[in-house]
Every structure is written in structure tokens, then in C-alpha cells.
Amino acid sequence: MTQKHKKYVYRLEPESFYQFLLEYGKGVEILSEGESFVEFALYEPYEGLEPLEVFEVEVLPPEKVFRARRVGKFMVLPSWIKPVVIRQGVAFGTGLHATTRLCLGLLQEYLQEGWSVLDVGTGTGILAIACKKLRAGRVLAIDIDPLAVQECVHNAKENCVEIECWHAKPEDIRETFDLLVANLELEIFKRELPYLMKLFRRVGVFSGLYGKEDLRAFLDLLGLRPAKIKRLENWYGVVVVQ
Ligand SMILES: C[S@@+](CC[C@H](N)C(=O)[O-])C[C@H]1O[C@@H](n2cnc3c(N)ncnc32)[C@H](O)[C@@H]1O
């Protein structure tokens with residue numbers, strides 16, 4: 001939504017203008033400059049100065065104006081974007097795959113601040129890191145691939161977040177978590193779903209199901225009504241709320 005603001009236009013001699021700048025201590029918008037004058041605008045009145053004119057302008061919300069911008073090796077981001085930095089290594093999870101993106105979207109919908117999270121099949125750790133960026137409490141990330149565990153440890157450090165990364169299977173875990181996220185595949189769910197269902201207290205986010213057949217088979221395994229099914233590029237994500 002656009003907001004309306006008043007714009008105050010002033011004109012001063014250069015010397016008075018620089019004196020004014022020192023006193024004002026904030027940025028101003030310079031409209032034009034000549035040898036004998038500086039014309040500038042403020043978005044508030046300034047006591048003791050008479051404006052040349054005052055008019056209303058529409059100010060666009062920052063989300064519309066301030067966009068992420070790449071400058072060489074730098075990425076300049078607005079503060080509402082949460083960066084997840086991933087090394088291109090040997091583990092799955094650059095964030096480009098539809099199943100990962102499904103999970104990233106569903107985590108934003110369901111994860112509450114302070115919740116504990118178990119990320120099963122963490123790969124690069126991308127989902128575990130995203131959970132931390134969403135202000136999760138304790139996050140445990142597990143994978144059966146030791147290289148993935150190494151990548152997860154590396155990426156957690158790179159993102160300055162604290163994640164426990166274990167070389168483990170779901171059946172090794174003896175605790176429960178508020179939320180579980182598992183981006184696996186149907187064949188793995190056939191073995192692991194009974195264990196996975198015991199590992200979360202509130203929300204389970206499952207992904208890695210390709211096409212309607214996988215989805216149907218997964219729902220049969222689940223045996224209960226999911227809270228949400230989300231599709232992206234013929235991949236499905238399923239949310240279970242306990
Ligand atoms: C599709 S990748 C998901 C990576 C990342 N979580 C993402 O969403 O982009 C699946 C990961 O699960 C791991 N995995 C496969 N079977 C597993 C199991 N039974 N227990 C734990 N991890 C498993 C694989 O090694 C792989 O790293």
C-alpha cells in the first residue's frame with residue numbers, strides 16, 4: 001500500500017545550506033543547485049525555515065522499492081529477506097529443487113518461534129538453517145550420508161547458526177520435537193514413516209513425492225487426514241498436524 005507524505009521544498013544560499021545540514025544531521029533530497037542557491041526537500045517541516053512550497057507525494061512501501069541486488073561477489077539484501085548461504089558441495093539441497101522449495105514455503109507457514117525441529121535427511125542442512133532463521137529453538141539435523149553431515153556442519157557455521165548435525169537414521173532418535181521436516185522419497189517413507197510419526201508433537205512436513213501416484217501411496221501409508229497438501233511442478237508436500 002502506498003502512503004502519502006508531505007514534501008517541503010526549501011531554498012538557501014550554499015553557505016547557509018551547509019550550516020543547515022550540520023544542524024539538521026539527517027539526509028535531505030537535493031533538487032537543484034546553482035552558484036548562489038541550493039534547492040532541497042525534506043519530508044517534515046523545519047522550524048525557522050519558510051518552505052517555497054509544500055505538496056503531497058505518494059511513498060511506495062520499502063518492499064516495492066528495495067529489492068535484492070547483486071554487485072559482483074556481493075548480494076545486498078533488504079532486512080526482511082533471510083539469507084541462507086549454501087556451499088555447492090556433494091550433498092543434496094541447493095534450494096533449487098521443487099521439493100526443497102515446497103518445504104521452505106511450508107516451514108514459513110507452520111513453524112512457530114522457539115519450536116524444536118528435527119530435519120530428517122538434511123543434505124546440505126538448508127532446511128535446518130532456514131528453521132533457525134525462522135527463530136526455531138533447538139534444531140537437530142540428521143542424515144545417513146556422512147558427507148551430508150559434514151556439509152551441514154560447514155553450512156551451519158557459514159550461516160552463523162547453531163544446529164546439531166548427526167549421522168543418524170530416524171530409528172536412532174529417542175526424543176520428540178515440535179516440528180519434523182523430512183524431504184525424502186516414497187521408497188524411504190515406506191520404511192521410515194512409522195518412526196517419523198513418533199518423532200514430532202505438533203507438525204510434520206513431508207516432501208519428495210512425485211506425481212499423484214506417490215501422493216496416494218503416501219497418504220495410504222499415513223492413514224490419516226493431512227492438514228495440507230501443496231503441489232509444485234508435480235511434486236507434492238504434505239503437512240500433518242497432530
Ligand atoms: C532429497 S535430499 C533432501 C536434502 C535437503 N533436506 C533438502 O530438502 O534439500 C534427501 C536426503 O536424505 C538422506 N536420507 C536418505 N535416507 C535417509 C534416512 N533413512 N534417514 C536419514 N536421512 C536419509 C539422503 O542422504 C539425502 O541427503
Which of Ala41, His154, Met75 sits farthest toward the positive end of the charge dipole of the chain, with +1 on the Cβ of Lys and Arg and -1 on the Cβ of Asp and Glu? His154
At 0.36 nm per residue, minus the direct Cα-Cα distance, what do Glu33 and Ser79 gain on full extension? Give it in nm, one decimal, please. 13.2 nm
Relative contact order of the chain, pairs being alpha-carbon contacts under 8 Å that are 6 or more residues apart, as %: 15 percent
Compute a Gaussian network model of the chain, connecting alpha carbons closer than 10 Å, and tell me which residue from Lys198, Lys73, Lys190 fluctuates the most. Lys73
Please report, in debye to the nearest 20, how large the charge dipole of the range 98-241 is about its Cα centre when each Lys and Arg carries +1 at its beta carbon and each Asp and Glu carries -1 there. 540 debye
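About its Cα centre, how strong a charge dipole does the chain have in debye, to the nearest 20, once Lys and Arg get +1 and Asp and Glu get -1 at the Cβ?
Values: 31 positive and 34 negative charges, 269 e Å.
Taking the Cα centre of the chain as origin, the dipole is about 1300 debye.
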Protein accessible area in the chain, 1.4 Å probe - carbon and sulfur %: 51 percent
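Let me know the charge dipole size of the range 3-65 about its Cα centre in debye, to the nearest 20, where only the beta-carbon of Lys, Arg (+1) and Asp, Glu (-1) is charged.
Values: 6 positive and 14 negative charges, 65 e Å.
In total the dipole reaches around 300 debye.
Kindly provide the GluC sites (Glu not before Pro) of the range 153-185 that DSSP labels as loop, not H, G, I, E or B, and whose Cβ sees at most 11 other Cβ atoms within 10 Å. Kindly include the intermediate steps, with their values, before the conclusion.
Working: sites: Glu158, Glu162, Glu164, Glu171, Glu175, Glu185; in loops: Glu162, Glu175, Glu185.
Here the GluC sites (Glu not before Pro) that fit, given the DSSP loop and packing criteria, are Glu162, Glu175.
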Using helices alone, what [θ] at 222 nm do you get for the chain, with -39,500 (n - 2.57) per DSSP H run of 4 or more residues, divided over all residues and rounded to the nearest 500? -9000 deg cm²/dmol
Length-normalised contact order of the range 98-241 in % [C-alpha pairs under 8 Å, at least 6 apart]: 24 percent
Roughly how tilted is helix 14-24, in degrees to the nearest 10 and between 0 and 90, from the longest Cα axis of the chain? 40 degrees
For a protection proxy built on the mean count of beta-carbon atoms within 10 angstrom, sort 139-147, 210-218, 54-62 highest first, please. 139-147, 210-218, 54-62
Taking every DSSP beta bridge with both residues inside the range 58-194, roughly what % is antiparallel (nearest 5)? 20 percent
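Normalising by the residue count of the range 32-110, find the relative contact order in percent from Cα pairs under 8 Å and 6+ residues apart. It would help to have the intermediate numbers written out before the result.
Details: 20 pairs, mean separation 7.7, N = 79.
Over the range 32-110, the number comes to 10 percent.
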Which of these, Leu179, Leu106, Leu224, has the largest mean-square fluctuation under a Gaussian network model of the chain (Cα springs below 10 Å)? Leu224
With angles folded into 0 to 90 degrees, how steeply does helix 146-158 sit against the dominant principal axis of the chain? Use alpha carbons for both and round to 10. 20 degrees
Filtered hits (lysines, Cα-Cα < 30 Å from Lys133, offset >= 8 within chain) -> Lys64, Lys73, Lys82, Lys157, Lys169, Lys198, Lys228, Lys230
Can you find, among Ile188, Leu127, Gly137, the residue sitting farthest towards the positive end of the charge dipole of the range 98-241, where Lys and Arg contribute +1 and Asp and Glu -1 at Cβ? Gly137
Which Cys in the chain stand alone, with every other cysteine's Cβ at 4.7 Å or more from theirs? Cys103, Cys131, Cys160
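The values are calculated or read from the model by the stated rules, or taken from the named source; none is laboratory data. Note that this is a predicted model, so its numbers are computed, not measured. Counting neighbours? That spans all protein chains shown, and the Cβs are built from the backbone with ideal geometry, glycine included. Note: areas computed on protein heavy atoms with side chains; ligands, DNA, RNA excluded. Shrake-Rupley method; radii C 1.70, N 1.55, O 1.52, S 1.80 Å.
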